[in-house]
Amino acid sequence: MDITRRDLFKLAGAAAVGAAVSQFNVAEASKPKKILNLHAAPVVGSKNVTGTKYTGSAAKVYFTDKIDAPHLIKLYNKINGEIFGKVAIKLHTGEPHGPNILPRDMVRAFQAQVPNSNIIETNTLYVGKRYTTDDHLETLRTNGWDFCPVDIMDADEDYVNFPVRGGFHLNEVAMGGHLVNYDSVIVLTHFKGHAMGGFGGSLKNIAIGMASGHVGKVQVHGYDTKLGMPPINVNWFDGTFPLKEHLMERMADSGKATCDYFGKRIVFLNVMRRMSVDCDCAGTHAAEPTCADVGILASTDILAIDQACCDLVWTANDTKDLRERIESRHGLRQLSAMAEHKMGNTQYELISVD
């Protein structure tokens, strides 16, 4: 029988969901509600997560459809066993007055529950209100990110080179220099579309978001004269950015460098709300979201959480615009590139905490 995404999460037992999410195994309905297995996105990412038996391990991805501070904290408490010391919360703080950025009150309440923590950011590659540190600090005040310290990690053009082991294209990447001052990282991501990457999940938040604005982001975006790239001030937000899979692979290289550095001391939270086809970099110019909010996901596995979010996008019946944005930018290559880098598990269990 046909079921909606919301019905799926209300059903007791494990749902067997195929690419069209049209078949439900009624025999499973009597089992205790615990694990929900989904597969919808047509990608090489998750394998055999449709409710049938699989060989080997599966990553745990925790889920709630309630988007508020108590549930964000509840999910974090499921994955924070290795988080200690000085803690960085990597957040996209957005361009001035951005309508889709994560709610400040929710983030404030969350940050207050994480001892010795503050928000981290880096300056942008594109010229805007976060291009220089001074402008960035003013934008932070405008957007209300003033309840805790916000460390602009590449202030004064400071950066540190992280090695990329076995990279597709990069041997090293310049990260914001202050990143090495932290013991642990919480990647708190607003999952949404992205003009060049197709979607912005946890990978984008660290691969681009932690790279230094004027060195590392150049490396990740592949501004290379050997590739025939135009000057870096050209605006490719219209989808004509030429690299596509090449960009996704560079993002995976950059993300791998950070994940390798922090090891088990990095965790991931993706918030699927106000999912415009545009990134929060677009500020007030971002397209109005055309799909419903979904919920919050949490995992220690970066591949599994971004895969699960894409699966939920493909599961929903109101995400045509977002799916088109992801496909037109070849964004699903982010997932298969992470899999090839062995950055996470290609199988996951989606576990409801409600």
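For segment 98-114, a residue qualifies if it is more than 14 Å from residue 273 (Cβ to Cβ), outside any loop (DSSP other than H, G, I, E, B) and more than 20 Å from the chain's Cα centre (by Cα), and the qualifying residues are 109, 112. The residue that is modelled with the lowest pLDDT, counting only those in segment 303-343 that are of a type in the set (Asp, Glu) and within 16 Å of the chain's Cα centre (by Cα), is 311.
Applying the condition of being small (Gly, Ala, Ser) and surrounded by fewer than 24 Cβ atoms within 10 Å (Cβ to Cβ) to segment 175-205 and asking which residue is nearest to residue 88 (Cα to Cα) yields 184. Residues in segment 242-273 that are within 16 Å of the chain's Cα centre (by Cα) and either surrounded by fewer than 21 Cβ atoms within 10 Å (Cβ to Cβ) or not hydrophobic (A, V, I, L, M, F, W, C) (or both): 249, 250, 253, 254, 255, 256, 258, 270, 273.
Note on segment 92-112: residues that are within 24 Å of residue 213 (Cα to Cα) and without any contact (Cβ under 8 Å) to a residue 40 or more places away in the chain amount to 0. When we screen 133, 122 for residues that are over 20 Å from residue 265 (Cβ atoms) and in contact with a strand residue (DSSP E or B) (Cβ under 9 Å, 6 or more places away or on another chain), the only hit is 133. Of the residues in segment 159-166, none is assigned to a helix (DSSP H, G or I), over 22 Å from the mean Cα position of the chain (by Cα) and not polar (S, T, N, Q).
Reported count of residues in segment 115-148, each being under 16 Å from residue 209 (Cβ atoms), among the hydrophobic types (A, V, I, L, M, F, W, C) and part of a helix (DSSP H, G or I), is 1. The C-beta contact set for segment 124-142 (first residue under 14 Å from residue 217 (Cα atoms) and surrounded by fewer than 17 Cβ atoms within 10 Å (Cβ to Cβ), second residue of a type in the set (S, T, N, Q) and at pLDDT 90 or above, distance under 7 angstrom, 6+ apart or interchain) comprises 131/123; 131/124. Scanning segment 274-304 for residues that are surrounded by 19 or more Cβ atoms within 10 Å (Cβ to Cβ) and under 19 Å from residue 68 (Cβ atoms) yields 274, 275, 289, 294, 295, 296, 297, 298. Every condition in (1) in a helix (DSSP H, G or I); (2) farther than 11 Å from residue 61 by Cβ holds for residue 354 except the one numbered (1). Put simply, of 66, 78, 47, 74 the only residue that is over 17 Å from the mean Cα position of the chain (by Cα), assigned to a loop (DSSP other than H, G, I, E, B), within 29 Å of residue 276 (Cα to Cα) and modelled with pLDDT of 95 or more is 66.
The values are calculated or read from the model by the stated rules, or taken from the named source; none is laboratory data. Quick caveat: nothing in here was measured; it's all calculated off a predicted structure. When we count neighbours, we look across all protein chains shown, and the Cβ atoms used for this are built from the backbone with ideal geometry, even at glycine.
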